[in-house]
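Asker: Dumping the structure here so I can ask a few things about it.
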Amino acid sequence: MVLTTSTEVLLLASGDLRLAANQKCWAAQAEMEAQLTAALEKQGWSVRRAHPYDPAKQHGFIDSQKMGMEVFRGIDPTQPLIVAESVWQYSHHVLAGLTTHQGPILTVANWSGQWPGLVGMLNLNGCLTKAGVTYSTLWSEDFTDAFFTQGLEQWLATGRIEQDASHVRSLPAVTLPSADEETGRSFGRQFREQKAIMGVFDEGCMGMYNAIVPDELLHATGIFKERLSQSTLYAAMREVSDADAQQVLDWLLAKGMKFNWGTDEATQLTKRQTLLQCKMYVAAVRLAADFGCDTIGIQYQQGLKDLVPASDLVEGLLNNTDRPPVFSTTGEELYAGQALPHFNEVDECAGLDALLTYRLWNELGMSGETTLHDIRWGEAYDTGEGEEFVWVFLISGAAPPAHFIDEYKGASSERQTPMYFRLGGGTLRGVSRPGAIVWSRVYVQDGKLHCDLGVGEVVSLPAAETQRRWQETTPEWPIMHAVLCGVSRDQLMGRHKANHIQVVYAPYAAKAHQMCRIKAAALAELGVEVHFCGDVKGVTTTSAMSRATQATVLG
Ligand SMILES: C[C@H](O)[C@@H](O)[C@@H](O)C(=O)CO
C-alpha cells in the first residue's frame, strides 16, 4: 500500500469491458482528467492516478472487476478518492473497492454528450446508493464554473457535498386528491394480488448492480422472476424459420419503417443482420409466452452480442402495442394486441416500472407504451417560451415507435456502433413526439424500493438542433427532447440514482399530473417509497418536514 500526503487526491477511471470502446474513448477521458487535475491544483491539492495508462492496451481505464480489486489493494483506504468518468463504465469494476474505502469518495463527470460519461457516473451513483456507500457527486463543463468549484472546495474541506433537494416531496409529507389515491391504490392491490412474471434473460448487465432488484423486494410487489438464459434465446432463434423472419420485416416495411442497409458487415447494417433480429423478436415472444412472462429483459451486451446482432430493434418492437404479429408453432397469435414490456439491459427497476405503467395506463383507457432512456446530456434552448433546460434522453434500444413523430414512418434502423456491437444489428430510431410525459425511476436504497417521479414535457426542436444534439451524442439511437417540470439540471443530477429514466406519455398536461399522482399511489400500495420531484399539480404539502428538511446530504 502506498501512503500518501494530506493534500493528495487519488484519481480512478472505470471503463468499459470492451477494448474497442476503451481505446476509442480514451482521448476524451485524458482531456477531462487534465482539466480536473488543474481544478484541484488550483485549490492547492495534487492528484495521483491510482492506476497507470497501459501502453499495450492503449487506454488508462480499469477494465475489469479483477483489475479494480488489485488497484484498491494498492491504495491508502483513508485517502480522498475521485472516480472520474467521461465514458460509459461498468460500475462493478470499482464497486468492491469503494464498498470498503474509508476516505471521502467523489464521483465526477464532464458535462459532455460525446460519450456516455454522465450516464456512467449516474450508474455508479445508483450502485453506491444501493450498496449503502457514502459518496458525493459533481459534474462540470470545463471544471472552472462556480457550481463545480464551490462543490469541490466543500468536498476538499469537509469530505461531503450537500445537494439541493428542495424540489423533492416524499409521499408521507403530502396528500393526494382522494379519488386519485383510491384509483391508484385499488390498481396497486389488484396488480399485487394478480401476480406477474418477470423474464430475465441473464441477470446483471455491464456491472449495473443497481439494476438488480433483490427477489424479496420484488415479491412484495407481486412480481416474481423467471430466470431465463440468452443461450435459450439463441437456441430458440435457430428454430424460427426464414419465412417467419421475412414476415416480420415485410410488416415493418409496409408500415413505412426505413432500414439503412449497406453491404459491409463490419461497419454497416445489412439485411442479413435485420433478418436475424426479426428471428430474435419472434423467439423472444415465443419464449416469453412459453414461460408466461408479463415482461422480459434481455441482457445482450455481454455474450449475446458476440453471437448475433444486438437486440435493440427487438426491444423497441416489444414495447409497442402495434407490432408485427407473432404466432406460436401451433398458429395461435401471442400477446395479440398488446406490447410485451421490455426492460433494456435487464434493468429490473425499469422492468417493474414498465409493467406497472403499461397496465395502469391501459386500465385507465390510455395507450401506455413506455421505455427507459439514458440521461445522456442536455443544454438550455429557447423553445419559444424562453430558455429552458432541454435534456437529451437517448437509448440504444427499447424506445417504441408509438413515441416517435410519425410512428413507424418516422422510424429508421441504423447500424449499432461497432465499438460496442461488433456483429452489428439495427436500432429503432426516431425523434420522440412533443407532448406531456410522466417520468420516474425506481431504485433501491436502504434495502427498500423507492421511486422518484414527476411530470415533464417533450418539446419540439428545429430539425437542425435535433441533428446537432444527435451529432454531439450517438446519432444511431432514438432521442427525446425532454423538459422536466420544476426540476433543474443540477437537482436531477444530484438526486438521481440511476443512468436510466422511465417515460410514458399522457394525452395532455393536466392528465400527466393526474397520472403521476395515481401512479404514485399505485406504487405506494406496492410498498414502494414514493418521492414527488418538481412541480406535480394537485399534490398538497401537509407536513412541515417536507422540502427543506428533506435535503439529502450525500457524502
Ligand atoms: C452501448 C452502451 O453500452 C450503452 O448501452 C450504454 O451507454 C448505456 O446505454 C448504459 O445505460
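Asker: Search segment 144-168 for residues being free of Cβ contacts under 8 Å to residues at least 12 places away in the same chain and among the polar types (S, T, N, Q), and hand back the single one that is surrounded by the most Cβ atoms within 10 Å (Cβ to Cβ).
Answerer: The qualifying residue surrounded by the most Cβ atoms within 10 Å (Cβ to Cβ) is Gln154.
Asker: How many residues, within segment 483-505, are closer than 24 Å to Leu356 by Cα and of a type in the set (Ser, Thr, Tyr)?
Answerer: Count: 1.
Asker: Another question, then. Name, by its number, the condition in (1) within 25 Å of the chain's Cα centre (by Cα); (2) at negative phi; (3) in contact (Cβ under 8 Å) with a residue 40 or more places away in the chain that does not hold for Ala236.
Answerer: Ala236 satisfies all of (1) within 25 Å of the chain's Cα centre (by Cα); (2) at negative phi; (3) in contact (Cβ under 8 Å) with a residue 40 or more places away in the chain except (1).
Asker: Restricting to segment 327-358, give me the number of residues that are under 21 Å from the mean Cα position of the chain (by Cα) and not in a loop (DSSP other than H, G, I, E, B).
Answerer: Count: 15.
Asker: Residues of segment 11-41 being touching a residue at least 60 places away in the same chain (Cβ under 8 Å) and over 28 Å from the mean Cα position of the chain (by Cα), which ones?
Answerer: Those that are touching a residue at least 60 places away in the same chain (Cβ under 8 Å) and over 28 Å from the mean Cα position of the chain (by Cα): Ala38, Ala39, Leu40.
Asker: Does Lys448 satisfy the condition of being closer than 18 Å to Cys533 by Cβ and surrounded by fewer than 19 Cβ atoms within 10 Å (Cβ to Cβ)?
Answerer: yes
Asker: So, of the residues in segment 363-399 that are of a type in the set (S, T, N, Q) and more than 20 Å from Pro324 (Cα to Cα), which turns out to be nearest to the ligand (Cβ to nearest atom)?
Answerer: Out of the qualifying residues, it is Ser396.
Asker: Something else about it: Listed residues Phe224, Phe191, Phe148; which is at pLDDT 95 or above and in the same structural domain as His92 (by TED's automatic domain parsing)?
Answerer: The match here is Phe148.
Asker: In segment 432-451, which residue that is β-branched (Val, Ile, Thr) and out of contact with any Phe, Trp or Tyr (no Cβ under 6 Å at 6 or more places or on another chain) is nearest to Pro462 (Cα to Cα)?
Answerer: Here the answer is Val438.
Asker: Going by the structure shown, is Asp63 over 23 Å from the mean Cα position of the chain (by Cα) and of a type in the set (Asp, Glu)?
Answerer: So Asp63 does not fit the description; no.
Asker: Can you confirm whether Thr137 is touching a helix residue (DSSP H, G or I) at 6+ places or on another chain (Cβ under 7 Å) and among the hydroxyl-bearing types (Ser, Thr, Tyr)?
Answerer: yes
Asker: Test Ala284 against the stated conditions and say whether it is part of a helix (DSSP H, G or I), without any contact (Cβ under 8 Å) to a residue 12 or more places away in the chain and not charged (D, E, K, R).
Answerer: When the stated conditions are applied, Ala284 does not pass them.
Asker: Considering only residues that are more than 15 Å from the ligand (Cβ to nearest atom) and touching a residue at least 40 places away in the same chain (Cβ under 8 Å), which ones fall in segment 203-221?
Answerer: Within segment 203-221, Glu203, Val213, Pro214, Leu217, Leu218, Ala220, Thr221 qualify.
Asker: Do you know which of the residues in segment 400-430 that are among the small types (Gly, Ala, Ser) and closer than 16 Å to Lys258 by Cα is nearest to the ligand (Cβ to nearest atom)?
Answerer: Restricting to residues being among the small types (Gly, Ala, Ser) and closer than 16 Å to Lys258 by Cα, the top hit is Gly425.
Asker: Follow-up question, since we're still on this one. Just to verify a result, which residue in segment 443-476, among those that are more than 20 Å from the chain's Cα centre (by Cα) and among the hydroxyl-bearing types (Ser, Thr, Tyr), is farthest from Val168 (Cα to Cα)?
Answerer: Only one residue tops the list, namely Thr466.
Asker: Going through segment 182-217 one residue at a time, which ones are closer than 29 Å to Arg286 by Cβ, out of contact with any Gly (no Cβ under 9 Å at 6 or more places or on another chain) and surrounded by 19 or more Cβ atoms within 10 Å (Cβ to Cβ)?
Answerer: Listed by number, the list holds a single entry, Met206.
Asker: If you don't mind, there's one more thing I want to ask. From the list Arg433, Arg468, pick out the single residue that is in contact with a strand residue (DSSP E or B) (Cβ under 7 Å, 6 or more places away or on another chain) and on the phi < 0 side of the Ramachandran plot.
Answerer: Arg433
Asker: I need a count of the residues in segment 66-124 that are touching a residue at least 40 places away in the same chain (Cβ under 8 Å), polar (S, T, N, Q) and assigned to a helix (DSSP H, G or I).
Answerer: 1
Asker: Let me ask another. Taking Gln471 as meeting all but one of (1) closer than 27 Å to Leu304 by Cβ; (2) without any contact (Cβ under 8 Å) to a residue 12 or more places away in the chain, write down the number of the exception.
Answerer: (1)
Asker: Can I ask one more? Would you be able to tell me the number of residues in segment 96-143 that are within 16 Å of the ligand (Cβ to nearest atom), over 16 Å from the mean Cα position of the chain (by Cα) and surrounded by fewer than 22 Cβ atoms within 10 Å (Cβ to Cβ)?
Answerer: Within segment 96-143, residues that are within 16 Å of the ligand (Cβ to nearest atom), over 16 Å from the mean Cα position of the chain (by Cα) and surrounded by fewer than 22 Cβ atoms within 10 Å (Cβ to Cβ) number 2.
Asker: Let me ask something additional. Can you tell me which residue within segment 301-330, out of those that are farther than 22 Å from Val503 by Cα, out of contact with any helix residue (DSSP H, G or I) (no Cβ under 7 Å at 6 or more places or on another chain) and not charged (D, E, K, R), is surrounded by the most Cβ atoms within 10 Å (Cβ to Cβ)?
Answerer: Once the filter is applied, the top-ranked residue is Ala310.
Asker: Of all the strands (runs of 3 or more DSSP E) wholly in segment 167-245, which have at least 2 residues that are of a type in the set (A, V, I, L, M, F, W, C) and under 22 Å from His500 (Cβ atoms)?
Answerer: 196-201, 223-228
The values are calculated or read from the model by the stated rules, or taken from the named source; none is laboratory data. All values reported here derive from a predicted model rather than from experimental measurement. Note that we place each Cβ from the backbone using ideal geometry, even for glycine, and neighbour counts take in every protein chain shown.
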